[in-house]
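Report on one structure; see the data block that follows.
The values are calculated or read from the model by the stated rules, or taken from the named source; none is laboratory data. What you see is a predicted model, and the numbers here were worked out from it, not measured in a lab. Reconstructed Cβ throughout: ideal geometry from the backbone, glycine too, with neighbour counts over all protein chains shown. Remember, those area values only see protein heavy atoms, side chains included, never the ligands or the DNA or RNA. Shrake-Rupley method; radii C 1.70, N 1.55, O 1.52, S 1.80 Å.
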Amino acid sequence: MTQAPPDPPVVPYLMVRNGARALDWYVRAFAGRIIERYDMEDGRLGHATIGLGNGGAVYLSDEFPEMIDRVGTLAPDTLGGTTVTVALAVDDVDAWLLRAEAEGAVAIRPAADEVYGRNAKLRDPFGHVWSLTGPKRAG
């Protein structure tokens, strides 16, 4: 049996509705790969770890409202929004934004050069907000 690598110091844990669909979306939109996946008998996604194309990782699960006292979070759809933005450091903000938009994300802040680098913000189809930051455009 192989041992999973140790967790990074901080890993966002996203709760969604329709976890299997979300898992596929995050893999496509963020150039990811599935590291681990556990499906529940009722068809919900119990847990997944996704390695993102920028070297980061996120955890993902269907929401379990019947276990809110133990899980502590619900999906943005249930809450009517999200309380956090997940920040991704990427090599090409425009390319990452275009790929996510092609998969159904909505840009809520178009890509622009700022004093700290190039930045854009998007909302994914599952209600989570992502901030993409990378190098400024040359020229």
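Numerical summary
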{"item": "Residue in segment 62-83 that is under 12 Å from the mean Cα position of the chain (by Cα) and under 30 Å from PRO135 (Cβ atoms) present", "result": "no"}
{"item": "Extreme residue, nearest to TRP96 (Cα to Cα), among residues of segment 13-36 that are within 10 Å of the chain's Cα centre (by Cα), assigned to a helix (DSSP H, G or I) and of a type in the set (A, V, I, L, M)", "result": "ALA29"}
{"item": "Among the candidates ARG21, ARG33, residue that is at pLDDT 95 or above, out of contact with any Ser or Thr (no Cβ under 8 Å at 6 or more places or on another chain) and under 15 Å from ALA105 (Cβ atoms)", "result": "ARG21"}
{"item": "Enumeration of residues in segment 106-121 that are within 14 Å of THR85 (Cα to Cα) and either modelled with pLDDT under 95 or not β-branched (Val, Ile, Thr) (or both)", "result": "ALA107, ARG109, ASN119, ALA120, LYS121"}
{"item": "THR49 vs. criteria β-branched (Val, Ile, Thr), in contact with a strand residue (DSSP E or B) (Cβ under 6 Å, 6 or more places away or on another chain) and at pLDDT 95 or above", "result": "yes"}
{"item": "Subset of segment 37-93 [open to solvent by 50 Å² or more (accessible area, probe 1.4 Å), farther than 30 Å from ALA138 by Cα and assigned to a loop (DSSP other than H, G, I, E, B)]", "result": "MET40, GLU41, ASP42, GLY43, ARG44, GLY72, THR73, GLY80, THR83, VAL84"}
{"item": "Cβ-Cβ under 7 Å pairs, at least 6 apart or on other chains, segment 58-69 side in contact (Cβ under 8 Å) with a residue 40 or more places away in the chain, far side among the basic types (Lys, Arg)", "result": "ASP62/ARG17; ASP62/ARG44; GLU63/ARG17"}
{"item": "Extreme residue, farthest from the chain's Cα centre (by Cα), among residues of segment 94-103 that are of a type in the set (A, V, I, L, M, F, W, C) and open to solvent by less than 60 Å² (accessible area, probe 1.4 Å)", "result": "ALA95"}
